[in-house]
Amino acid sequence: MFHEAELRELVEFDGQGHPVVSLYLKVDPRYRTIEEYKLALRGLFDSVEGFDAADRERIEHYLDLEYDRQARSVVCFTCQALGFWRSYTFNVPVDDAIMVDRRPLVRRLVDLVDTYGNLGVVNFDKNGARFFSFHLGSLEETAGVIGEEVKRHKQGGRSAARLQRREDEVAQANLREVVEQTVNLQHQHNWRRLVLAGTDDNLARLTEELPQALRKLVVGSTPLELTAGVQEVRERAEAVALQARAAYIQQLAENLMVAAGKGDGAVIGLSPTVDAIQSGRVYQLLFTETYEVAEASVQRCQACNSLSTQGGDVCPVCGGHLQHLPDAINTLARRTIAQGAQVIVVPPDNQLAQDNYQIGAFLRF
C-alpha cells in the first residue's frame, strides 16, 4: 500500500545532478496486452532524452520479471547512479507518462491519491451492515455487523402496535451499532471520503444518525444489495467518489476565481502563484492537468533555491545564478506538498482554464 510517508520521501528526493526517471504506465490486462504496454514503454523512452541506460534497464527488468501482473497501473522512480529505486502497482488507472529531471514527478501521484485514497464504504440495511476500506483500488479491510433480525409482522388487532414498537426498537438498536462501528473504522483507516450503499430509506435513517463530522465525509450513495461482491462494491463506490470529486474540484476552481477577484485570500496566474509558494503562503494549489509552462517562464536559483518568474540570470533574492525549470509545474507541486499544503489537479474544462489563468492558489494568510 502507498501512504503519506512514501509520498514525502519522493517529494524530498534529489538526484544531486543525476537524472531521475519517473514512469507512469497503464498495464491493465483487461485493456492492454504485455506486447502493447511494452510498445508504449518504448515510445515513452523514445520521447525523452538525458536518462541513464541503467535506469531504463532497471525499469524493463521490473516489468519483465517483478511486478504484479494483475495490477492496473505501474509507477516507477529510478536513479541508479545513487542506488535509488521505488516501484508501485495500483488497482486504479493512470495515464502513460515519463519525465527525466532532477526530482521525481510527484504531481500525478498526488492526484491519484486524492482521487482514490482512503475510501470507506458502508453497505447498510435494517439487519446490519458491511464495511469496506479501499485505498488506491485495493481492499484494506472488510468487516460486518449483523444485528437482531427485523421481522415485519402482518398481524392486526391489539398486538399490532406492540409488535411494531418491538420491530422499531430492534431496527434502532441495529442502526446504533452500525453507526458506532462506522465511527471506529473511520478513525482506524482515516477515511477521507465515505460512500453509503443500500436503499434510499435505510440510507436516510443512517445519515440522520451519523455524527456531523462523518456526514461531511459522505460524498454520495448507491443502491446495493448487502450480499454484493467486493468487486461490485469497489466499482460502485469508486464511480460515486469520482463523480463527487469532479464536481468538488470544478466548484473549487470557480470559488478560487471569485476569491481572487475580490482579493480575498487567493491568487490566480503563474507569477502571483509562484510568489505565494515561494513565501510559504499557499493552502491549496490548483492547476489544470494539461497546463504546460514554458521552460523560460520559471527560474530556480542554484545558490538559495528560490523561485522567480522575473526572467534574467540573476536571483533577486541572493544574486545567485538562475536556472530555467524544464517542468515548473512539478516543482511547484512538490514544493507545495513539502510545505504541508494541498495540490489539486483540475480537468481542462474548468473556470481557471476558461479565463486563461490555468493556475492559482488559496492562501493561508
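Where a number appears in this text, it was derived from the coordinates with a stated rule and is not lab data. Fair warning: this is a prediction, and the values are worked out from it, not measured in the lab. Please note: Cβ atoms are built from the backbone with ideal geometry, for glycine as well, and neighbour counts cover all protein chains shown.
Listed by chain and number, the aspartates and glutamates whose C-alpha is less than 19 Å from the C-alpha of Lys262, apart from same-chain residues fewer than 8 away, are Glu254, Asp275, Asp355. Shown here is the pair-distance distribution of the range 317-365: with all Cα-Cα distances grouped in 5 Å bins from zero up to the longest one, the shares run 4, 15, 20, 21, 21, 13, 4, 2, 0 percent. Shown for Trp191, Trp85: other C-beta atoms within 10 Å of each C-beta, ranked fewest to most, produce the order Trp85, Trp191. Taking every C-alpha pair closer than 8 Å and separated by at least 6 residues, the mean separation divided by the residue count of the chain gives a relative contact order of 15 percent. The gain in end-to-end length when the Asp95 to Glu209 segment is fully stretched comes to 37.0 nm, 0.36 nm per residue minus the alpha carbon separation.
Charge tally for Gly120 (other residues, Cβ to Cβ under 9 Å; Lys, Arg +1; Asp, Glu -1): +2.
To the nearest ten degrees, helix 159-189 and the longest principal axis of the Cα atoms of the chain are 20 degrees apart. Between Glu225 and Glu6, take the C-beta separation as r, use R0 = 35 Å, and let me know the FRET efficiency to the nearest 0.05. Between Glu225 and Glu6 the formula returns 0.45. The simple Förster model, with R0 at 51 Å and r as the Cβ-Cβ distance, assigns Lys262 and Leu65 a FRET efficiency of 0.35.
Projected area of the range 4-105, taken from the Cα convex hull and averaged over every viewing direction, in nm²? That works out to 6.2 nm². Kirkwood analysis of the Cα pair distances in the chain returns a hydrodynamic radius of 23.2 Å.
Listed peptides 29-41, 281-293 appear in the order 281-293, 29-41 once ranked by packing, highest mean of other Cβ atoms within 10 Å at the front.
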